[in-house]
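Inspection log for the structure reproduced underneath, given as structure tokens.
The values are calculated or read from the model by the stated rules, or taken from the named source; none is laboratory data. Keep in mind that this is a model prediction, so the values were computed, not measured. Please note: Cβ atoms are built from the backbone with ideal geometry, for glycine as well, and neighbour counts cover all protein chains shown. Keep in mind that these areas ignore ligands, DNA and RNA; they rest on the heavy atoms of the full protein, side chains included. Shrake-Rupley method; radii C 1.70, N 1.55, O 1.52, S 1.80 Å.
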Amino acid sequence: MTTLFISDLHLDPSRPAITDLFLAFLRDEAMQADALYILGDLFEAWIGDDTPSPAADAVAIALHAVADAGVPVYFIRGNRDFLVGDDYARRAGFTILPDPSVIDLYGRPVLLQHGDLLCTDDVAYQQFRAQTRDPVFQAQFLSQPLAARIAFAQKARDASQARQSEMKQGDRAQFETVTDVAPAEVDATFGRYGVDTMIHGHTHRPAIHALQAGDRPCTRIVLGDWYEQGSVLRVTAQGWSLDTLAR
């Protein structure tokens, strides 16, 4: 049996082929798994569980079918869908986990997180993250009419894209550093949670890294995004495999 990990699908009506790929993945492989973990950014944007979305409805039905088949489904909020709430979780049949969370994976304690908390060199983003995770901010935002929420989300996305474009036109090496994990934070996180294995997404740099954290050998597994193809980490009691899924 296999436990599956995915993240950064960024499902959006503008890319229906990726939504179809994900739905096929749920109908097929996910039905046979021990568990399915979605580590954030399932959706390109999420401005409240009350937002009309045929695609999100179809995904909820498919995820609930996996749960109904006896496969536990877990979700960690990402930086794009941090407003996914209990209502959508019920509709989709998944359990929302804190970010980060430690799980028992075939007898091994493993740290799961979306990954943005590791990118501490991006100071402006961390400030934005702290603001938008404030329960008071979220309650005020969700109380606004849908049109106002859509406008705010579009403004925030435009500002983010403009900032990234500006950074790319400057020092490209600095851009790569700022948008990736900070090694010191990775080391500190391993020490803080006392684990030797970490799985996360967010950076869109899929890889399995062997490293030293303090005096311990550790493994950091980075999940890939689903912009051009699928990406899945398959874990068994014998080991793991980070693979792509063709469209």
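Considering only segment 28-38, I want to know if a residue exists there that is aromatic (Phe, Trp, Tyr) and surrounded by 17 or more Cβ atoms within 10 Å (Cβ to Cβ).
Start the filter on segment 28-38 by keeping residues that are aromatic (Phe, Trp, Tyr), which leaves 37.
With surrounded by 17 or more Cβ atoms within 10 Å (Cβ to Cβ) added as a condition, the list becomes 37.
Looking for residues that are aromatic (Phe, Trp, Tyr) and surrounded by 17 or more Cβ atoms within 10 Å (Cβ to Cβ), one finds at least one in segment 28-38, hence yes.
What number goes with the only condition from (1) open to solvent by less than 60 Å² (accessible area, probe 1.4 Å); (2) modelled with pLDDT under 95 that VAL59 does not pass?
Condition not satisfied by VAL59: (2).
Looking only at segment 103-160, which residues are out of contact with any strand residue (DSSP E or B) (no Cβ under 8 Å at 6 or more places or on another chain), in contact (Cβ under 8 Å) with a residue 24 or more places away in the chain and part of a loop (DSSP other than H, G, I, E, B)?
Result: GLY107, CYS119, THR120, ASP121, ASP122, ARG133.
Can you work out which of the residues in segment 1-56 that are of a type in the set (Asp, Glu) and under 22 Å from ALA151 (Cα atoms) is farthest from the chain's Cα centre (by Cα)? Give the derivation first.
Here is the first cut: in segment 1-56, the ones of a type in the set (Asp, Glu) are 8, 12, 20, 28-29, 34, 41, 44, 49-50.
Pick out the ones that are also under 22 Å from ALA151 (Cα atoms) and you get 12, 41, 44, 49-50.
On the way: ASP12: 15, ASP41: 4, GLU44: 11, ASP49: 17, ASP50: 21 Å.
So, considering only residues that are of a type in the set (Asp, Glu) and under 22 Å from ALA151 (Cα atoms), the one farthest from the chain's Cα centre (by Cα) is ASP50.
If I filter segment 215-229 down to residues being open to solvent by 60 Å² or more (accessible area, probe 1.4 Å) and over 20 Å from the mean Cα position of the chain (by Cα), which single residue comes out as modelled with the highest pLDDT?
At the first step, the residues of segment 215-229 found to be open to solvent by 60 Å² or more (accessible area, probe 1.4 Å) are 215-217, 227-229.
Among the residues that remain, those that are also over 20 Å from the mean Cα position of the chain (by Cα) are: 215-217.
On the way: ASP215: 87, ARG216: 92, PRO217: 97.
Across segment 215-229, the extreme among qualifying residues is PRO217.
Has segment 168-185 got at least one residue that is under 25 Å from LEU9 (Cβ atoms) and either in a strand (DSSP E or B) or open to solvent by 60 Å² or more (accessible area, probe 1.4 Å) (or both)?
Looking for residues that are under 25 Å from LEU9 (Cβ atoms) and either in a strand (DSSP E or B) or open to solvent by 60 Å² or more (accessible area, probe 1.4 Å) (or both), one finds at least one in segment 168-185, hence yes.
Could you grab the pairs with beta carbons closer than 6 Å, sequence gap of 6+ or different chains, first residue in segment 195-210 and open to solvent by 10 Å² or more (accessible area, probe 1.4 Å), second one of a type in the set (D, E, K, R)?
Within 6 Å, the pairs are ASP196/ARG216; HIS202/ASP116; THR203/ASP180; HIS204/ASP225; HIS209/ARG220.
GLY70 is checked against (1) under 17 Å from LEU39 (Cβ atoms); (2) without any contact (Cβ under 8 Å) to a residue 12 or more places away in the chain and fails just one. What number does that condition carry?
So GLY70 meets the others, but not (1).
How many residues are open to solvent by less than 60 Å² (accessible area, probe 1.4 Å) and more than 16 Å from ASP81 (Cβ to Cβ) when one looks only at segment 140-150?
If we filter segment 140-150 for residues that are open to solvent by less than 60 Å² (accessible area, probe 1.4 Å), which is where we start, we get 141, 146, 148-149.
Remaining after also requiring more than 16 Å from ASP81 (Cβ to Cβ): 146, 148.
Total meeting the criteria: 2.
With respect to ASP158, is the statement that it is open to solvent by 50 Å² or more (accessible area, probe 1.4 Å), within 20 Å of the chain's Cα centre (by Cα) and at pLDDT below 95 true? Spell out how you get there, then give the answer.
Values: open to solvent by 50 Å² or more (accessible area, probe 1.4 Å): yes; within 20 Å of the chain's Cα centre (by Cα): no; at pLDDT below 95: yes.
So ASP158 does not fit the description; no.
May I ask you to list the residues in segment 73-96 that are open to solvent by 30 Å² or more (accessible area, probe 1.4 Å) and closer than 22 Å to ALA33 by Cα?
Within segment 73-96, TYR74, ARG77, ARG90, ARG91, THR95, ILE96 qualify.
From ASP121, ASP158, grab the single residue that is touching a helix residue (DSSP H, G or I) at 6+ places or on another chain (Cβ under 8 Å) and among the charged types (D, E, K, R).
Numbers: ASP158 fails: touching a helix residue (DSSP H, G or I) at 6+ places or on another chain (Cβ under 8 Å).
Sole residue among the options that is touching a helix residue (DSSP H, G or I) at 6+ places or on another chain (Cβ under 8 Å) and among the charged types (D, E, K, R): ASP121.
Of the numbered conditions (1) assigned to a loop (DSSP other than H, G, I, E, B); (2) among the β-branched types (Val, Ile, Thr); (3) open to solvent by less than 30 Å² (accessible area, probe 1.4 Å), THR51 fails exactly one; give the number of that condition.
Failing condition for THR51: (3).
Find all pairs meeting these conditions: Cβ atoms under 9 angstrom apart; at least six residues apart or on different chains; first residue within segment 230-245 and within 14 Å of PHE22 (Cβ to Cβ) and open to solvent by less than 40 Å² (accessible area, probe 1.4 Å); second residue among the hydroxyl-bearing types (Ser, Thr, Tyr) and assigned to a loop (DSSP other than H, G, I, E, B).
What qualifies is SER231/SER7.
Return only the number of the condition from (1) surrounded by fewer than 22 Cβ atoms within 10 Å (Cβ to Cβ); (2) out of contact with any Phe, Trp or Tyr (no Cβ under 8 Å at 6 or more places or on another chain) that GLN113 does not satisfy.
Of the numbered conditions (1) surrounded by fewer than 22 Cβ atoms within 10 Å (Cβ to Cβ); (2) out of contact with any Phe, Trp or Tyr (no Cβ under 8 Å at 6 or more places or on another chain), the odd one out for GLN113 is (1).
If I filter segment 76-85 for residues that are within 16 Å of the chain's Cα centre (by Cα), farther than 30 Å from ASP28 by Cβ, at pLDDT 95 or above and of a type in the set (A, V, I, L, M), do I get at least one hit? First the steps, then the outcome.
First, pick out the residues of segment 76-85 that are within 16 Å of the chain's Cα centre (by Cα): 76-85.
Cutting the leftovers down to farther than 30 Å from ASP28 by Cβ gives us none.
No: segment 76-85 contains no residue that is within 16 Å of the chain's Cα centre (by Cα), farther than 30 Å from ASP28 by Cβ, at pLDDT 95 or above and of a type in the set (A, V, I, L, M).
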